[in-house]
Every structure is written in structure tokens, then in C-alpha cells.
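Everything on this sheet refers to the single structure shown next.
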Amino acid sequence: MSSSMTPQDILAKLVSFPTVSRNSNLDLIDWVEGWLDDHGIAAHRVWNEDRTKAALYAHVGPEVEGGVVLSGHTDVVPVDGQDWTTDPWALTQKDGKLFGRGAVDMKGFDALALWAMGQAAGRDLARPLQIALSYDEEVGCLGAPPMIDAMANHLPKAAAVLVGEPSMMKVVTGHKGGIGFDTHVQGFEVHSSLMHTGVSAIMEAARLIDWGNQVNAENRAAEPSPLAAVFEPPWTTLHIGQISGGTAHNITAKDCRFSFDFRVVPGESLSDWEARYRARVAEVEAEMQAVRPEARIDLSQRFHVPPLQPEEDGAAEALARRLTGDNGAHVVSYGTEAGQFQERGFSVVVCGPGDIAQAHQPDEYITVAQFEAGEAFMLKLLNQLSA
């Protein structure tokens, strides 16, 4: 494995691994571990339950606190049904762009972070550099928490975490949190001419969905808090993106399944929103069981992603602003692993190359200019750590 690989060479290698969240990421992790080992850097894995996936973290430099973590995820979204004009698993350069699945979200940053780790191994650092690569970010930021906990237990604590989600190298200091529930409404089948003796899972599910519509309208009409006002939209949103159920048009539906997701503005509690949803579910379930006692509603939490709240005099923000020169105020409405780091006591911001608008798209790309801006950022960071 060549120690002279450029950041673009590393990106091409990372893109070649089809690490869609439904698949294992171990081929990529094996390669990354070998690449780090070639630079004299020991990597540590944090496995998922069935050992089909792993997160990875590593440390280079002195065994002291006050370093910097470069945080990325290894999984990507599927390409199924998308009309690509290039091979999504082969990095293709044309018209000043680098095309490939994950090129911007977020293997571009991962490649730069790995390159920076290799460069750091050849320097006399005053403060350490650490890398953290997770799995299953795209399906609910599932892989980061055990990795962060392992890092907190085994590495000197870093002063700043830079989560490299694409932000056009702007310093993002806040994002919404999220919580999602797989909801299974179980009714009782009867002929629809006698629907009053049965329970339609679909029609009962519609009551929960309409509750979501009502709450969205209330949230939209309310005066946002100063913390929420900077977001677009400046309120907590409730959303159902998928639904299935029913057997035939003339049978009350036995089952209805849907996912109910909340994107919560900083300053509001994920647990409070969970409690509100569970209370509404309990009300609907009680009315269902008054007709058929065996009817029920089951909830399974799919993800729980805390918000990133702007920090007062945050070390990560100060560092990122020094490196980028960006002094603007930036927040985003999507969630990242940054809130999970912050929840565990780290100072953190989101800052990475590329445009989030290109993420998850067919012909996903990062511009060469943004990739090079990311490389320049890493060089400045290395100089800061070497000072």
C-alpha cells in the first residue's frame, strides 16, 4: 500500500468500496486499517453486534489532551433506481468535478482526514490528531455513540471535534436533532360493511398522521425561540415518509406500518417529543381496544440523534474559524454525529468540503475546488498542531 497516495488517490479507493448502509463496511475498514498501519498508526475497531460492521478510530502524536478529532462516516446511501451517467463506484473526474457515490457525503472528507493522519505521522506534533470513522450514519447515526464512548475511555480527550459533513467549508455551529419511530398499528379484520365491529389499522393510523399535521401547523404558527429562529424552518417538524398496510378494499385493515420522524430544534427536548407522541398513541390505542381488546399499537425507536447547540466560546468553533476565515453564522436542519459528540462532553462543529445539495443524488460529486480547499484546511490544521 503506497504511503505516497494523494488525497484524490485515497478518495478513489474509498469510493470503490460499495459501503451502502445495508452492506458490510469491513472491506473499507480493512483497507483503512492497513493504510494507517503503513504510516505507523495503530487503529482500533468498535464492532456492531453481529460483527458485520465496524467503526474505527486512531491517534497520532503525543499522548496528551488538547488535540483535534476528524470525524466522518463510512456508509453511503443506495444508488438503486438512480440514473447515473458514470460508474458510482469508480471516481470519475470531468468538468472540474469528482463523481462517485460518497464523493461529497462524505468520503471526500474521509480521504482528506486519512491523508492528514499520514502527514501528521511524519511531523513532530505538539498536540495530537485523531480520526473517527463510523458506520450506519445514514440510517440514524447508529454507529457513532459506541465509538465515541470507546475513544473517551482509551484516548486523551481532544479539545475540538471537526465533523466533516459537506458545508462548503463554512463553520456550522448548530443543527436540529431527530428521533424516529417505526409504528405498527394492529387492527382487527372484518368485512367493511360491518366496519363498526372491527378496527381498521389504516384508519387509526390516519388519526396519528393527522395529529402530526395539526402539530406541524401549531408549531409553524408559534413564535420561534431565539435559538430556533435561525433555522429553516424555525420549528420542530413531524414527518411520515413511508406507509404500508391493508389486504383488500372491502376488509378493515389488519396492519398498517409507517415511520414517524421528528426533527427537533435546539432548545427543545427529544424526550419531551417522544412523550407527546407516546401519549397520543396511547389515546388512539385505548379507543381501538374499546372495540377489539386485541388491537394495539407497537412503537420501535429507529434513531435518536441529539441536536448540535451553539457553544459559548467553543474551542472547536474558534479553531475552525481560524482555519477557514469564516466568521458567518451557519446552522443546518439535518442531523449529524456532531450532537452525539457534544452530548458526551466534546466541543464540536460541522465543517467540511462540498455542497450538501449534491449528497444522495445521482451523479453525486464534489468539485475539485472544494476538495482542494479541504486539503488546504488540513495543511493549516497540521501547522496549528505542530506549532
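The values are calculated or read from the model by the stated rules, or taken from the named source; none is laboratory data. Values in this document were obtained by computation on a predicted structure and should not be read as measured data. Neighbour counts are summed over all protein chains in view; Cβ atoms, including those assigned to glycine, are modelled from backbone coordinates with ideal geometry. To get the accessible areas, we keep the full protein, side chains included, count just its heavy atoms, and leave off ligands, DNA and RNA. Shrake-Rupley method; radii C 1.70, N 1.55, O 1.52, S 1.80 Å.
Within segment 225-242, can you find the residues that are open to solvent by 50 Å² or more (accessible area, probe 1.4 Å) and either among the hydroxyl-bearing types (Ser, Thr, Tyr) or in contact with a Ser or Thr (Cβ under 8 Å, 6 or more places away or on another chain) (or both)?
Scanning segment 225-242 gives Ser225, Glu232, Gly241, Gln242.
Restricting the first residue to segment 192-205 and requiring it to be over 15 Å from Ala290 (Cβ atoms), which pairs with a second residue that is open to solvent by 40 Å² or more (accessible area, probe 1.4 Å) and of a type in the set (D, E, K, R) meet a Cβ separation below 7 Å and a spacing of at least six or different chains?
Taking only residues 6 or more apart or on different chains, the pairs are Ala201/Lys254; Ala201/Asp255.
Got a number for residues in segment 292-301 being open to solvent by 70 Å² or more (accessible area, probe 1.4 Å) and touching a residue at least 24 places away in the same chain (Cβ under 8 Å)? Step through it out loud before you land on a result.
In the first step, residues of segment 292-301 are kept if they are open to solvent by 70 Å² or more (accessible area, probe 1.4 Å); the result is 293-294, 296, 301.
Now drop any that are not touching a residue at least 24 places away in the same chain (Cβ under 8 Å), which leaves 294, 296, 301.
So the answer is 3.
Residues that are in contact with a Phe, Trp or Tyr (Cβ under 6 Å, 6 or more places away or on another chain) and more than 19 Å from Gly339 (Cα to Cα), at least 1 per element: which strands (runs of 3 or more DSSP E) completely within segment 36-80 meet that?
43-47, 54-60
Take segment 196-220 and flag every residue that is touching a Gly at 6+ places or on another chain (Cβ under 6 Å) and hydroxyl-bearing (Ser, Thr, Tyr).
Initial filter on segment 196-220 (touching a Gly at 6+ places or on another chain (Cβ under 6 Å)): 199-202.
The one that is touching a Gly at 6+ places or on another chain (Cβ under 6 Å) and hydroxyl-bearing (Ser, Thr, Tyr): Ser200.
Identify all residues within segment 165-203 that are surrounded by 22 or more Cβ atoms within 10 Å (Cβ to Cβ) and of a type outside the set (A, V, I, L, M); write none if there are none. Before the answer, list the steps.
Here is the first cut: in segment 165-203, the residues surrounded by 22 or more Cβ atoms within 10 Å (Cβ to Cβ) are 165-167, 171-179, 183, 185, 187, 199-201.
Matches in segment 165-203: Glu165, Pro166, Ser167, Thr173, Gly174, His175, Lys176, Gly177, Gly178, Thr183, Gly187, Ser200.
Just the residues that are open to solvent by less than 20 Å² (accessible area, probe 1.4 Å) and assigned to a loop (DSSP other than H, G, I, E, B), please, taken from segment 137-164.
In the first step, residues of segment 137-164 are kept if they are open to solvent by less than 20 Å² (accessible area, probe 1.4 Å); the result is 137, 140-141, 143-144, 147-148, 150-151, 158, 160-164.
Residues satisfying the conditions are Glu137, Gly140, Cys141, Gly143, Ala158, Gly164.
Here is a yes/no grid of residues against (1) touching a strand residue (DSSP E or B) at 6+ places or on another chain (Cβ under 6 Å); (2) within 17 Å of Leu70 (Cβ to Cβ):
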{"residue": "Ala315", "(1), (2)": "yes, yes"}
{"residue": "Tyr334", "(1), (2)": "no, no"}
{"residue": "Gln340", "(1), (2)": "no, yes"}
{"residue": "Gly352", "(1), (2)": "no, yes"}
{"residue": "Asp355", "(1), (2)": "no, no"}
{"residue": "His360", "(1), (2)": "no, no"}
{"residue": "Asp363", "(1), (2)": "yes, no"}
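Tell me the residue from Gly66, Gly40 that is of a type in the set (Gly, Ala, Ser), out of contact with any His (no Cβ under 6 Å at 6 or more places or on another chain) and open to solvent by 40 Å² or more (accessible area, probe 1.4 Å), please.
Numbers: Gly66 fails: open to solvent by 40 Å² or more (accessible area, probe 1.4 Å).
None of the others qualify; the one that does is Gly40.
Might you let me know whether segment 118-131 holds any residue that is part of a helix (DSSP H, G or I) and under 18 Å from Glu372 (Cβ atoms)?
Our first condition is that a residue be part of a helix (DSSP H, G or I); within segment 118-131, this holds for 118-121.
Among the residues that remain, those that are also under 18 Å from Glu372 (Cβ atoms) are: 118-119.
There is at least one residue in segment 118-131 that is part of a helix (DSSP H, G or I) and under 18 Å from Glu372 (Cβ atoms).
Can you find even one residue in segment 214-224 that is surrounded by 15 or more Cβ atoms within 10 Å (Cβ to Cβ), under 17 Å from Ala290 (Cα atoms), touching a strand residue (DSSP E or B) at 6+ places or on another chain (Cβ under 7 Å) and of a type outside the set (A, V, I, L, M, F, W, C)?
First, pick out the residues of segment 214-224 that are surrounded by 15 or more Cβ atoms within 10 Å (Cβ to Cβ): 215-216, 219, 224.
If we keep only those that are under 17 Å from Ala290 (Cα atoms) too, we end up with none.
Checked segment 214-224: no residue is surrounded by 15 or more Cβ atoms within 10 Å (Cβ to Cβ), under 17 Å from Ala290 (Cα atoms), touching a strand residue (DSSP E or B) at 6+ places or on another chain (Cβ under 7 Å) and of a type outside the set (A, V, I, L, M, F, W, C).
With the structure loaded, tell me whether Asp87 is under 25 Å from Ile366 (Cβ atoms), open to solvent by 60 Å² or more (accessible area, probe 1.4 Å) and free of Cβ contacts under 8 Å to residues at least 60 places away in the same chain or whether it fails that test.
Details: under 25 Å from Ile366 (Cβ atoms): yes; open to solvent by 60 Å² or more (accessible area, probe 1.4 Å): yes; free of Cβ contacts under 8 Å to residues at least 60 places away in the same chain: yes.
For Asp87, the condition - under 25 Å from Ile366 (Cβ atoms), open to solvent by 60 Å² or more (accessible area, probe 1.4 Å) and free of Cβ contacts under 8 Å to residues at least 60 places away in the same chain - is met.
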